[in-house]
1. Report, as a whole number in µm² per second, the diffusion coefficient that Stokes-Einstein gives for the stretch 1-55 at 10 °C and 1.306 mPa s using the Kirkwood radius over alpha carbon pairs.
2. Helix 76-87 versus the longest principal axis of the chain: what is the Cα-based angle in degrees, 0 to 90, to the nearest 10?
3. Rounded to the nearest 500, what is the 222 nm mean residue ellipticity of the chain from helices alone, with -39500 (n - 2.57) per DSSP H run of 4+ residues and division by all residues?
4. Starting from 0.36 nm per residue, how many nanometres of slack lie between residue 19 and residue 51 once their C-alpha separation is accounted for?
5. Share of Cα-Cα pairs in the stretch 27-68 beyond 13 Å, in percent?
6. To make sure I understand, if each residue's beta carbon is the centre and we count other beta carbons within 10 Å, what order do 17, 54 fall in, fewest to most?
7. With each label point set 7 Å from Cα along the Cα-Cβ vector, what nm distance links residue 37 and residue 9?
């Protein structure tokens, strides 16, 4: 953060998730988990960035509920694997 750290507020939206937001305008800024998968990640609302974002770590979630007409072609192996697991 470049400025406004004094306006940062937080609340626990569940027992394992902390959400941080701007207390002045209410904009969602960050969220993180303190347990389970991705507990070491801090998620940043991408709309808050003013420079190009190039992820170094990412993952695809909820592929079993993905719209069939909007699947990135790079996910075909992950989707096929998931379908095999669901049909097993």
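A short reminder: the numbers here are calculations on the coordinates, not readings from a lab. Everything quoted here is computed from the prediction, not taken from an experiment. All Cβ positions, glycine included, derive from the backbone under ideal geometry; neighbour counts span all protein chains shown.
1. Values: Rh = 12.2 Å.
Diffusion coefficient, whole number: 130 µm²/s.
2. 70 degrees
3. Details: 1 runs with 12 residues, N = 88.
It comes out at -4000 deg cm²/dmol, rounded to the nearest 500.
4. 9.3 nm
5. On the way: 582 of 861 pairs.
That tail contains 68 percent of the Cα-Cα pairs.
6. Numbers: 17 15, 54 5.
Least to most surrounded, the residues fall as 54, 17.
7. Result for the modelled spin labels: 3.3 nm.
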